[in-house]
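J.: A single structure is presented below for examination.
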Amino acid sequence: MSVLVLGGTGEARALASLLVADEVSVVSSLAGRVQNPRLPDGEVRIGGFGGVEGMVAWLRENQPHAVVDATHPFAQQISRNAVAACAVLGVPLVRLVRPQWEAQPGDQWTVVEDIGEAARVVGSSAARRSDEAHRGHRELRVLLTTGRQDVGAFAGIDNAFFLIRVVDPPTGALPPHHRVLRSRGPYGLDDERDLMVAEKIDLLVTKNSGGELTRAKLIVARELGIPVVMVARPAEPCGNVVTSVEEAANVGRK
Ligand code: NAP
C-alpha cells in the first residue's frame, strides 16, 4: 500500500506522519520552491512532475493506491494536474484542504477575487491617503503576507510603504517603498500585535489560506481596527474534498 501526498503544507506533513505511523508507505511530493523545506516523515521527492503527462508517468511507475492533494489552497495548477492525471489512470484522488477563515463581528474585510484586485484596492487606499497628505497624514503602511510569488502585483504602487513578510526573499519586481521581513510561522498573538503596532500598520493584505498557524494576524487586526484585504480562494477542481487530516488518512489507509 502506498500513497502519494502532494505537499508543501503543515497538513501534508501531519498526514504523512499519521500514515507512516500506521505503516502505510508514503511518498510526499514538494515543489522545491522553499530553500530549506520542513521535511515530512516517509519518503520525499522534490520538484515538478512535468505537467499532467509527467504526473501520469510517475503514477504509472510508482503505482500508489491513492493520491492525496494536500497542497496549499492557492496552489491551483498542481491541483488541476492531479485531477487530470488521476482521471487518466483511475487512481482515487482526495483533496485535503483546511477550512477557510470566516469574518467575525468587528472585522473590516474587503474580500477580493484575486491578487490583481487586491492590488487595485491597496492602490485606491494609498491614493486616498496621499490626497490627505497635505493634512499631515503619513503614507499608507501595508503588511503584505500573500507570499513572495504575488509581491509583483503591488510593484506599481509608489505611494504606500509595504512590509513584505515572506519565508524566502522575493525575486521579481517590488514596490519602491518596502522592507522585506523574512520569517516563517506559526505566529502568536503577542508577536503579531507587537509587529503591527511597532510598524504602524494601516492595512493587512492576506490570502484566505485558513488554518490556525497564521490566524493571529486577523485577530490582532480586529482588535486594533486595522482593515484587511482578503483574497478569496479559487474554486476547487477536485470533487472529493475533505477538511481534516484524519479524514484524509482514512482514505490513505483504505
Ligand atoms: P502551482 O502554481 O499550483 O504549481 C505550479 C507547478 O509547480 C506545478 O504545475 C508543478 O509543476 C509544480 N508543483 C507545485 N506543487 C507541487 C508539489 N507539491 N509537488 C511537485 N510539483 C509541484 O503551485 P504554487 O502555488 O507555485 O505552490 C508551490 C508549492 O508551494 C505547492 O506545493 C504548495 O502546497 C506550496 N505553497 C503554496 C502557497 C501559495 O500561496 N500558492 C503557499 C504556501 C505553500 P509540474 O507541472 O512540473 O509538475
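The values are calculated or read from the model by the stated rules, or taken from the named source; none is laboratory data. Just so you know, these numbers come straight off a predicted model, no measurement behind them. Reconstructed Cβ throughout: ideal geometry from the backbone, glycine too, with neighbour counts over all protein chains shown.
J.: For the stretch 34-69: of the residues being acidic (D, E) and within 11 Å of the ligand (Cβ to nearest atom), which is farthest from V83 (Cα to Cα)?
T.: Ranking the candidates gives E53 first.
J.: Under the condition of being of a type outside the set (G, A, S) and closer than 15 Å to F49 by Cα, which residue from the stretch 77-95 is surrounded by the most Cβ atoms within 10 Å (Cβ to Cβ)?
T.: C86
J.: Oh, and also: When residues of the stretch 14-33 are filtered for being in a loop (DSSP other than H, G, I, E, B), surrounded by 14 or more Cβ atoms within 10 Å (Cβ to Cβ) and within 14 Å of the ligand (Cβ to nearest atom), how many remain?
T.: Summing the residues that are in a loop (DSSP other than H, G, I, E, B), surrounded by 14 or more Cβ atoms within 10 Å (Cβ to Cβ) and within 14 Å of the ligand (Cβ to nearest atom) in the stretch 14-33 gives 2.
J.: Ok, one more. Which of the numbered conditions does E43 fail, given that it passes all the others? Conditions: (1) crowded, with 18+ Cβ neighbours inside 10 Å; (2) of a type in the set (D, E); (3) farther than 23 Å from R148 by Cβ.
T.: Of (1) crowded, with 18+ Cβ neighbours inside 10 Å; (2) of a type in the set (D, E); (3) farther than 23 Å from R148 by Cβ, only one is false for E43: (1).
J.: Among the residues of the stretch 48-63, are any in a helix (DSSP H, G or I), modelled with pLDDT under 95 and either small (G, A, S) or touching an Asp or Glu at 6+ places or on another chain (Cβ under 9 Å) (or both)?
T.: Within the stretch 48-63 (the criterion being in a helix (DSSP H, G or I), modelled with pLDDT under 95 and either small (G, A, S) or touching an Asp or Glu at 6+ places or on another chain (Cβ under 9 Å) (or both)), the answer is no, since none of the residues qualifies.
J.: Out of all the residues in the stretch 100-121, is one or more in contact with an Asp or Glu (Cβ under 7 Å, 6 or more places away or on another chain), more than 30 Å from V56 (Cα to Cα) and either modelled with pLDDT of 95 or more or crowded, with 21+ Cβ neighbours inside 10 Å (or both)?
T.: The answer is yes; a qualifying residue exists.
J.: To continue, here is another question. Would you please list the contacts, defined by Cβ atoms under 6 Å and residues six or more apart or on different chains, that run from a residue in the stretch 25-49 that is farther than 19 Å from R182 by Cβ to a residue that is in a strand (DSSP E or B) and near the ligand (Cβ under 7 Å from one of its atoms)?
T.: Correct list of pairs: S29/L6; R45/S29; I46/L30.
J.: Mind listing whichever residues of the stretch 84-106 are within 12 Å of the ligand (Cβ to nearest atom) and more than 18 Å from S244 (Cα to Cα)?
T.: A84, A85
J.: Among (1) more than 16 Å from the ligand (Cβ to nearest atom); (2) outside any helix (DSSP H, G or I); (3) buried (at least 18 other Cβ atoms within 10 Å of the Cβ), there is one condition L195 misses while meeting the rest; what is its number?
T.: Every listed condition holds for L195 apart from (2).
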